[in-house]
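Comments concern the structure below.
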Amino acid sequence: MSKFSKLEYCQYLLSSPVNYTLTNLAEHLEGVSHDRINRYLKGETLTPRLLWQEVEDDVITSPLGYIIFDDSVLDKRFSCAIECSQVQYSGNEHGLVRGIGLVSCIYVNPELGQYWLIDYRIYDKASDGYSKLDHVQAMLEGAVNFKHLPFRTVLMDSWYASRKLMALIEELGKIYYCPLKRNRLVDDSAGVSPYRQIQSLDWSESELETGKLIKIRHFPADKKVKLFRVTVSSHRTDFVVTNDITQDSTQATHQECGMRWKIEVVHRELKQLTGIESCQCRKGRIQRNHIHCALLVWDFLRRQAREQSVSLYQIAYQPLSDFLRQQLAHPSLAFSLA
């Protein structure tokens, strides 16, 4: 019986343009049956630690580095029987959708403008009891205590702006920037007035430029943070909080938060170039292994793109471009009019 490995499955995800099913793979890989592929993916255990082993030697660290967290929903809306999929909120859909929650962590070297996907978790609270916040905390502690990565700043979405996680970041001696939801209760009056929703705060001209000190409800009495009103676009304003109370520039805060866009780019490239959403198998273990291999494929594309100074899309689509040139010159199926 022919052997099958992670390397072959990753090569399939890298090479296939649209169809990422096991049946399609078996039809195009000589000597390997669908059952053999299925048994491999069901029996293998590919973990986030194995991803780190693959990328560790490639990461170029910086004391000014960033750790960025975010989650994305892998769309499974037409596959209700898939294990570890559930109905959850999707930012792309601006509503609920059935899918697999992927919580990701990237490391950014701002001096080089490079970034690496260093950790991930599958959100499946029904089976393991862990919330997204639990996963982020575990990845943050792992970056410090296991990976020993130097970094200065943590960036995250408003979903992760919890008292526990923000306190942990401070205990680790790091700075955070994160938006708060508009209905979060805060006090900017030093205890003179009741807590108010952020969206109802008054802002002076100087505060719009330099931010204001606030206390977030349920935070320790002596814990003050800096709040900035950041205009992202003509249709969007974010209220960004940081524990760096020396920060006195809304523009600089905007630039700090802009770094978080890199993880959005990673999630977009994963979905468009690796087939990460396309596995149709029902077993949760197969889904997890498929996602792991898709992350490895993304990292391979990233390395190739960096070496050749082109985009990931150019690297991924080059074989298709070569094939098109070949078919136009010597078509295997020649078109003719009736």
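The values are calculated or read from the model by the stated rules, or taken from the named source; none is laboratory data. Just so we're clear, the structure is a prediction, and the values are computed from it rather than from any experiment. With ideal geometry, Cβ positions are generated from the backbone for all residues, glycine too; neighbour counts draw on all protein chains shown. Note: areas computed on protein heavy atoms with side chains; ligands, DNA, RNA excluded. Shrake-Rupley method; radii C 1.70, N 1.55, O 1.52, S 1.80 Å.
Scalar couplings 3J(HN,Hα) for region 237-251, obtained by applying the Karplus form with A = 6.51, B = -1.76, C = 1.60 to θ = phi - 60°, are 10, 9, 10, 9, 10, 9, 8, 7, 6, 7, 5, 10, 9, 5, 5 Hz; x denotes Gly and Pro.
Reported to the nearest whole Å, the Cα centre-to-centre distance from region 151-183 to region 68-135 is 18. Heavy atoms of the protein chains alone define the surface here; on that basis region 255-338 has 58 Å² accessible area per residue at 1.4 Å probe size.
Taking every protein chain into account, the 1.4 Å probe leaves HIS28 with about 140 Å² of accessible area, to the nearest ten. Could you work out how far helix 6-15 tilts from the main Cα principal axis of the chain, as a 0 to 90 degree angle to the nearest 10? Roughly 90 degrees between the two axes. Extent of region 90-159 along its three principal axes (Cα atoms, max minus min coordinate, largest first): 38, 26, 18 Å.
Measuring nothing but alpha carbons in the chain and taking Rh as the Kirkwood radius, the Rg to Rh ratio lands at 1.04. For region 179-219, the solvent-accessible area of protein heavy atoms averages 60 Å² per residue (probe radius 1.4 Å; ligands and nucleic acids excluded). Report the FRET efficiency, 1/(1 + (r/R0)^6), for PHE323 and ARG77, where r is their Cβ-Cβ distance and R0 is 30 Å, rounded to 0.05. Calculated transfer efficiency: 0.45.
Against the empirical curve 2.2 N^0.38 Å, the C-alpha radius of gyration of region 167-226 lands at a ratio of 1.17. Placing +1 on each Lys and Arg Cβ and -1 on each Asp and Glu Cβ, with no other charges, gives region 224-338 a dipole about its Cα centre of roughly 440 debye. Per-atom-type breakdown for the chain gives carbon and sulfur 51% of the accessible area (1.4 Å probe, protein chains only). Computed on protein heavy atoms with a 1.4 Å probe, the accessible areas place LEU328, LEU14, LEU46 in the order LEU328, LEU14, LEU46, largest first. Using Stokes-Einstein with the Kirkwood hydrodynamic radius over Cα pairs, what translational diffusion coefficient do you get for region 74-191 at 25 °C and a viscosity of 0.890 mPa s, in µm²/s rounded to a whole number? For these conditions, the coefficient is 150 µm²/s. Working note: Karplus 6.51/-1.76/1.60 with θ = phi - 60° gives region 156-172 the couplings 7, 7, 4, 4, 9, 7, 9, 4, 4, 6, 5, 5, 4, 4, 5, 4, 7 Hz, where Gly and Pro are set to x. At full extension, ASP128 and VAL144 could sit 3.4 nm farther apart than now, given 0.36 nm per residue minus the alpha carbon distance. Cβ-Cβ distance of THR21 and SER158, R₀ of 45 Å, FRET efficiency by 1/(1 + (r/R0)^6): the value works out to about 0.75. Sorted largest first, the spans of the alpha carbon positions of region 229-283 along the three principal axes are 51, 26, 18 Å. The per residue volume of the convex hull around the alpha-carbon atoms of region 132-281 is 157 Å³. Given in Å, the Rg to one decimal and the Dmax to the nearest whole number for the Cα atoms of region 1-150 are 17.9, 51.
Evaluating 6.51 cos²θ - 1.76 cosθ + 1.60 at θ = phi - 60° for every residue in region 323-338, the Karplus couplings come out as 5, 5, 4, 4, 5, 5, 7, 9, x, 7, 10, 7, 7, 8, 8, 5 Hz, glycine and proline recorded as x.
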